[in-house]
Amino acid sequence: MSTRLIYFAWVRERIGKPQEDVELPGGVETVADLLRWLKSRGEEYEHALQYPDVIRVAINQEHVEHREKISGAREIALFPPMTGG
Amino acid sequence: MSAAVVPVVRIQAGDFDVAAEIASLTRGRADIGAVVTFSGLCRDEAGRLSALELEHYPGMAEAEIARIAGEAAERWPLQGLTVIHRHGKVRPGENIVLVVAASAHRQAAFEAANFLMDYLKSRAPFWKKEHHGDGSQGGWVDAKESDDKAASRWK
């Protein structure tokens with residue numbers, strides 16, 4: 001099952017695309033695992049995810065912590081801290 | 001206690017009319033004694049900015065603001081609650097966000113509006129990018145630690 005990854009703001013700009021569908025390899029179980037795996041996919045990912053602690057994540061459009069399990073996620077969004085309002 | 005109000009939440013590119021939004025909450029009602037509105041506007045930062053561009057996460061922006069507004073409606077006895085947030089390019093002096101909270105008494109309306117804004121700042125999926133007046137490329141606005149602190153005081 002593929003998972004849709006969506007990127008916003010400078011995460012989107014640095015990775016160079018707004019979204020992509022990926023097959024997550026075995027062993028990628030939590031949000032933290034996902035960030036670590038993505039970071040290894042190339043320079044642009046390394047640049048976007050250089051400081052994984054600042055990256056905010058939403059699974060199926062709800063905020064989650066980095067320790068959250070991602071099994072069953074249809075849509076995972078990665079973005080910087082929000083600056084609305 | 002009567003059921004909590006169902007908040008009105010709109011995410012839109014266009015402007016909004018503050019007076020019209022207040023009127024739509026209070027029209028035909030005699031039980032509202034207090035309406036608090038907060039509007040957030042785009043500043044030019046002493047002439048430095050020509051616009052802010054607001055990126056948002058369609059779907060989640062509506063859902064997250066509805067969650068926050070629903071929490072406010074459970075916490076305070078509100079008779080009406082409207083939250084509008086714009087996206088896209090907004091120029092200095094233009095509106096960005098509106099919260100209208102209506103209640104029988106002022107305290108609930110003030111507190112609910114304050115809570116809404118603190119949570120919108122730190123949880124609603126919007127990001128501001130600066131456009132400079134001199135045509136140079138601006139950067140993304142940094143999140144403020146003070147906004148996270150402001151939200152945490154409601155826990």
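Here are a few things to note about the model shown:
- Applying the condition of being within 26 Å of residue B:48 (Cα to Cα) and hydroxyl-bearing (Ser, Thr, Tyr) to segment B:101-148 and asking which residue is farthest from the other protein chains (Cβ to nearest Cβ) yields B:136.
- Meets criteria (modelled with pLDDT of 95 or more, closer than 23 Å to residue B:23 by Cα and under 12 Å from the mean Cα position of the chain (by Cα)) for residue B:113: yes
- Condition check for residue B:81: open to solvent by less than 20 Å² (accessible area, probe 1.4 Å), within 14 Å of chain A (Cβ to nearest Cβ) and touching a strand residue (DSSP E or B) at 6+ places or on another chain (Cβ under 7 Å): no
- Meets criteria (among the small types (Gly, Ala, Ser) and in contact with an Asp or Glu (Cβ under 8 Å, 6 or more places away or on another chain)) for residue B:80: no
- Residue check: residue B:58 meets all listed conditions (1) open to solvent by less than 50 Å² (accessible area, probe 1.4 Å); (2) within 13 Å of chain A (Cβ to nearest Cβ) but one, namely (1).
- Pair list, Cβ < 6 Å and 6+ apart or interchain, from segment B:137-152 residues that are part of a helix (DSSP H, G or I) to residues that are not aliphatic (A, V, I, L, M): B:147/B:121; B:147/B:122; B:148/B:122; B:150/B:118; B:151/B:118; B:151/B:119; B:151/B:122
So that you can scan it fast, the table gives a plain yes or no per residue for (1) within 14 Å of chain B (Cβ to nearest Cβ); (2) in contact with a Phe, Trp or Tyr (Cβ under 7 Å, 6 or more places away or on another chain); (3) part of a helix (DSSP H, G or I); (4) among the basic types (Lys, Arg):
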{"site": "A:5", "(1), (2), (3), (4)": "yes, no, no, no"}
{"site": "A:32", "(1), (2), (3), (4)": "no, no, yes, no"}
{"site": "A:37", "(1), (2), (3), (4)": "no, no, yes, no"}
{"site": "A:84", "(1), (2), (3), (4)": "yes, yes, no, no"}
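- When each of A:4, A:56, A:12 is tested for being in contact with a strand residue (DSSP E or B) (Cβ under 7 Å, 6 or more places away or on another chain) and either under 26 Å from residue B:83 (Cβ atoms) or crowded, with 18+ Cβ neighbours inside 10 Å (or both), the lone residue that passes is A:56.
- Number of the condition not met by residue A:75 [criteria: (1) among the acidic types (Asp, Glu); (2) open to solvent by 50 Å² or more (accessible area, probe 1.4 Å); (3) within 13 Å of chain B (Cβ to nearest Cβ); (4) touching a strand residue (DSSP E or B) at 6+ places or on another chain (Cβ under 9 Å)]: (2)
- Taken over segment B:121-151, the criterion of being of a type in the set (Gly, Ala, Ser) and closer than 19 Å to residue A:80 by Cβ is satisfied by B:122, B:124, B:138, B:139, B:143, B:146, B:150, B:151.
The values are calculated or read from the model by the stated rules, or taken from the named source; none is laboratory data. Since this is a predicted model, take the numbers as computed values, not measurements. Here Cβ is always computed from backbone atoms with ideal geometry, including for glycine, and neighbour counts include all displayed protein chains. Just the protein is used for accessible areas: all its heavy atoms, side chains included, with ligands, DNA and RNA removed. Shrake-Rupley method; radii C 1.70, N 1.55, O 1.52, S 1.80 Å.
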